[in-house]
1. Name the single residue that is nearest to TRP116 (Cα to Cα) among those in the range 73-95 being touching a Ser or Thr at 6+ places or on another chain (Cβ under 6 Å) and open to solvent by 40 Å² or more (accessible area, probe 1.4 Å).
2. Which of the residues that make up the range 97-110 are open to solvent by 90 Å² or more (accessible area, probe 1.4 Å), more than 31 Å from the chain's Cα centre (by Cα) and in contact (Cβ under 8 Å) with a residue 40 or more places away in the chain?
3. Identify, from the list ALA56, ALA39, ALA78, the residue that is aliphatic (A, V, I, L, M) and modelled with pLDDT under 95.
4. Assuming ALA132 fulfils every condition listed in (1) out of contact with any Pro (no Cβ under 8 Å at 6 or more places or on another chain); (2) buried (at least 16 other Cβ atoms within 10 Å of the Cβ); (3) at pLDDT 95 or above; (4) more than 30 Å from ASN170 (Cβ to Cβ) apart from one, which condition is it?
5. Looking at this structure, is ALA57 without any contact (Cβ under 8 Å) to a residue 40 or more places away in the chain and in a strand (DSSP E or B)?
6. Could you list, in sequence order, the residues of the range 184-198 that are of a type in the set (A, V, I, L, M, F, W, C) and open to solvent by 10 Å² or more (accessible area, probe 1.4 Å)?
7. So is GLY25 open to solvent by less than 30 Å² (accessible area, probe 1.4 Å), part of a loop (DSSP other than H, G, I, E, B) and either modelled with pLDDT under 95 or of a type in the set (S, T, N, Q) (or both) or not?
8. Kindly evaluate TYR277 against the criterion of being buried (at least 20 other Cβ atoms within 10 Å of the Cβ) and not charged (D, E, K, R).
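The values are calculated or read from the model by the stated rules, or taken from the named source; none is laboratory data. Keep in mind the model is a prediction, meaning the values are calculated, not measured. Note: ideal-geometry Cβ built from the backbone for every residue, glycine included; neighbour counts use all protein chains shown. Side chains are part of the model used for accessible areas, which takes the heavy atoms of the whole protein and leaves out ligands, DNA and RNA. Shrake-Rupley method; radii C 1.70, N 1.55, O 1.52, S 1.80 Å.
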Amino acid sequence: TWNTSPAGLPPQKHLQDVIFIPGRGAPLNNDLLKSAVMAYGGIFTSMSWASAAYYAATASYYYNGSQSVDGGHAVTLAGWDDNYSKGNFFITPPGDGAFLIKNSWGSSWGQSGYFWVSYYDVNFAFASPSYAFVNNQLVTNYTRKYDYDPLGYVNSWGWGGTNTTASFANVFTSVAAEQLQAVSFYVASDNSPYTVRVYTSATTGPTSGVLAANTSGTISTAGYHTVVLPNPVSLANGTKFSVVVQLTTPGYGYPVPGESAVQAYSSAATASPGQSYISQDGSSWLDATIVDATLNVCLKAFTGTSGLLPQTITFGTLSNKTLPTAPFTVSATASSGLTVSFNSQTTPICTVSGTTVTLVAVGTCTIQATQAGNTNYAAATPVNRSFQVTPGSQTPQSIAFGALSTK
């Protein structure tokens, strides 16, 4: 049918950030929308549609009836004209000025698919936010997404009042050997400080296990945002890991973004115990399903192999001997003082081609060397060599390993 998306469409981009632009709230309160168009290009927004408000002769639209919280018709804000005459509308608005809108009904409609909406329209981007889609990336940036909120941000949770800080977490189980590179979540206020922590072996709650990553910052704009971990976290297949976020939303007492079932809107939302957690103090955690049986926090984790510090290390000839399955390691100290090693995984921090090991990120991993079809070719005890990793360096370095001993 006309309103059903075809099945099997391949993704074209990975959307990593969306900026929320507050509703106008007044006919001439348009500076934020104008600035967003200049900064980001076309802006996603919504309006109501009443055929009687459209004047085909000038492709103009002005609705002055009752105000609707949800506009219902999605359009793209492409530009504006402060001097667009009020005389161009079928119903005359109180003053001049209009937005230039790209509709979704094809180029044969309106003015080559575009039309004008009066600044005084009571439903255009008025009560609901508009959205700027930014930081769109190639679909190869990450190879896997872990989440429990396929429907997205439905509502906010917290303790209200002046309690503008809260923590939320998800516990996932890795389905392959890979590296955790980034996380994403929603923030309801501008200039929101956050701390992201990652724990591995999180078997008894979100902050159990081993702290593997800890990074902080401030998100300048309300919206959906991706935080790239400075140092990716290596995950073995079947690892239970948690992503924990402490977030402050200035002026707003409900910092926790959530997905839950709402009739006729997100009624398909489901949740299970042991997935999502919320906390007022970051210490005492409450399973989200106790608050609402269908509640999960909106918090995603991205894994992959994309590189931060490309660098190539070439190994010397490996002796073709039968060796135990324990891997050997190569350690490296980055200029920032980080320790780097290599780990044999399906999607590791480093990639192996023949005897060439390519480092694609600062982090920790191990390689299991193979030669002549021997899949258990590894050292009996760790073989260590040191090398410097300079951020951004493309210079290949060679380290010769002698024959590996047998056990």
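1. Among residues in the range 73-95 that are touching a Ser or Thr at 6+ places or on another chain (Cβ under 6 Å) and open to solvent by 40 Å² or more (accessible area, probe 1.4 Å), the one nearest to TRP116 (Cα to Cα) is ASN88.
2. none
3. Testing whether each residue is aliphatic (A, V, I, L, M) and modelled with pLDDT under 95 leaves just ALA39.
4. (4)
5. no
6. Once the filter is applied, which keeps residues that are of a type in the set (A, V, I, L, M, F, W, C) and open to solvent by 10 Å² or more (accessible area, probe 1.4 Å), the range 184-198 yields only ALA188.
7. No, not satisfied.
8. yes
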